[in-house]
1. Quick one: which of 359-366, 347-354, 303-310 comes out on top by average Cβ neighbours within 10 Å, and what's the full order, highest first?
2. Please give the length that would be gained between Asn546 and Asp294 if that part of the chain were fully extended, namely 0.36 nm times their separation in residues minus their C-alpha to C-alpha distance (nm, one decimal).
3. What is the gain in length, in nm to one decimal, between Asp445 and Glu393 on full extension, counting 0.36 nm per residue of separation less the C-alpha to C-alpha distance?
4. Between Val380 and Leu357, what FRET efficiency comes out of the Förster formula 1/(1 + (r/R0)^6) with R0 = 22 Å and r the beta carbon distance, rounded to 0.05?
5. Report the calculated FRET efficiency for Arg268 and Ala33 (r = Cβ-Cβ distance, R0 = 35 Å), to the nearest 0.05.
6. Quantify, in whole percent, the carbon and sulfur part of the accessible surface of segment 318-373 (1.4 Å probe; protein heavy atoms only).
7. Could you give the size of the charge dipole of segment 578-636 about its Cα centre, using +1 on the Cβ of each K and R and -1 on the Cβ of each D and E, expressed in debye and rounded to the nearest 20?
8. When the accessible area of segment 499-568 is computed with all protein chains present and a 1.4 Å probe, what percentage of it is carbon and sulfur?
Amino acid sequence: MPEFDDELDKLRAVLHDAPVPDEASKEAALRVAEENFANLQGSVNAVRPTDISPQQVGLLKGLGQMFLKTKLKPMMMATTSIVVVGVGVVLSVPYMRADQSAVTTSPASSPISQAKTEVPADPEPLNGIVDDLSPEPMPLNLDQEETAELEQSFSEQVDAAPERRPIAVTEGQRPASGPAKKRRIVKAGQLFAPTETDGAVSHGGSPHPSSQFRDQLPQPQVAQSHDKFPDASPNPLKVTSEDPVSTFSIDVDTASYSWVRSSLTRGRMPDPKSVRIEEMVNYFPYAYAPPEGDAPFQQVVSVSQTPWNPDTQLMHIAIQGAQVTERPPLNLVFLLDTSGSMQDANKLPLLVQSFRLMLGQLRPEDEVAIVTYAGSAGTVLEPTKASERHKIEDALRRLSAGGSTAGGEGLRAAYALADQMSRDGEVSRVLLATDGDFNVGIQSDNALKSFVEEKRKSGTYLSVFGFGRGNVNDALMQTLAQNGNGQAAYIDTLAEAQKMLVDQLSGAMFTIAQDVKIQVEFNPATVAEYRLIGYETRALKRENFNNDKVDAGEIGAGHTVTALYEVTPVGSEAVLTDPLRFGVVAEDGNTSDLAFLRLRYKEPGADQSKLLEEVIAVGETVASSEAAFGAAIAGFGQLLRGNTALGEWSYTDAIALANANKGDDEFGHRAEAVQLMRLAQSLSQN
């Protein structure tokens, strides 16, 4: 093939005329190029990982495959030309910049060599090339908490990287060498000298070289987390001779446990303020003794050894609510937040799925209406019989997120619709589902509290369901639910929606006892000290126990309620306080009683409360399996809050106690709790 031979001869001539640098200069240039590439790519200290394994192909086989290509001739010409030009640029440009004398060239020996020696005086075109090759920023599908952590992590890495100061380098000069190893980064005609961390002088305010890449990284498009929780300190230790009476409202909310689960399964320890121990304990159903006759609930008290301190006792108060056999018609108003912040998959989409699950539990005579709020409130679905399920589901599917959060206006519209739906003998509920704050309309917590308190007098109660993360106002959720005579829950998964809105729908919607208060008077002759575990946000003044105008918590059909006191007997080695020098010494009296329990409650719709009383005798028994599991969860919550009262008791002890007392775990909730303990144990060690 004469034509092909001619082309090869021309190519040999071009290669022959190319400048040949000496070996030392070539090695130095390649080393500088490799260091620059490694620094710019961020791969100085590690090999970049890949999941692609190269195939081993023999030399002869590769050559054979190459010569089988149909377009071999033009491919060889093109690739060889690129190699020649590339080698010329690599060998010429660095030495023209840093040390021209280090490169030996043949002046004007060929057009190619002339082109290589024409280095532009203005370095901006080189920067333009780098910018053109830089990837475009790509949006990340991160939630607000993950975004905040990404930004913080990147800032810490940039701040920790060694900073460099630019030193102008003129032709034919090198920067003065120092005792430390220097890494030269050629960029637009400058060399960046090492700082004090590398053995040289730190920069004087010049931009960090890595800052040029900050804007090239994918930029998150969501804001920082703004979750809010009530700031309540753990209950203090009380000295019985000084303060023998403890009073609080019961609580059947479960939001705290779901939030803790959401945090741990995302690889984060929960905010200690988000951990409310009573809500963690009351998250689980317990096999307590059912009430007898027409009583709305049954209370049982037991005393056993404290798992984390053998010198103290755990007083366990268990309440089991009665089940509802025949329920009245139910009127539900779904008050749904459709503001712009509800776009995330764990917010409005999960909300719609959750409420669709509940529709299967409604009876044909029940009614549903839907009100949404985003900038302004509007009725999406007028009161509709549950038998028209397809119509309700269509209204839910059409929901979309956008606008600000006019929660106050939404509450007014929802209560107005509930009043329109209410009839004698029926139960009406407003179910508020939101991801956070109300920033339009009624804004202050006190104004919202007063509005909800006034509306509950009509018999329409309010329950609040939280969705998503990053903007959850847990403090406001608690305020609305407590004063609306409803329940506060946090739904982080569809399984949680199944538990709250399907399995426990009767307990959430049908109240069997309202304004339930507990008061315990401890006997100074037998109890030296005590502390209530949890219920910090439900504490009541002693005088408000008998005040029927003071609101308290409700018990729903089938609900179980647990309260725990850690009690230190008189004479125990666990007593932490010294007797007062001038204090009143308790007279030797009744040593057979440990405490006196009082409960007050109202029947639904009643204005006057009823009183129940019970003496708790001195004596310690072996804790039942149900009481032991509750103690394990209480210990778990205290570990998450960093409570020092547990001493050396650890996650390992909590796991062992819970595992040994899981009992009949029909839905797997207790097994899940053990897994959360294991996660917390691992995360706490990092």
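The values are calculated or read from the model by the stated rules, or taken from the named source; none is laboratory data. Just so it is clear, the model here is predicted, and its values are computed rather than measured. When we count neighbours, we look across all protein chains shown, and the Cβ atoms used for this are built from the backbone with ideal geometry, even at glycine. Accessible surface areas use protein heavy atoms only, side chains included; no ligands, DNA or RNA. Shrake-Rupley method; radii C 1.70, N 1.55, O 1.52, S 1.80 Å.
1. On the way: 359-366: 14.6, 347-354: 20.5, 303-310: 18.5.
The packing order, highest mean first, is 347-354, 303-310, 359-366.
2. Working: separation 252, 0.36 × 252 = 90.72 nm, distance 2.35 nm.
Gain in length upon complete extension: 88.4 nm.
3. Details: separation 52, 0.36 × 52 = 18.72 nm, distance 3.26 nm.
Between Asp445 and Glu393, full extension yields 15.5 nm more.
4. Values: r = 19 Å, r/R0 = 0.85.
Between Leu357 and Val380 the formula returns 0.75.
5. Working: r = 43 Å, r/R0 = 1.22.
With a Förster radius of 35 Å, E is 0.25.
6. Values: 850 of 1850 Å².
Carbon-and-sulfur percentage of accessible area, whole number: 46.
7. On the way: 5 positive and 10 negative charges, 51 e Å.
So the magnitude is around 240 debye.
8. Working: 800 of 1910 Å².
So the carbon and sulfur contribution to the accessible surface is 42 percent.
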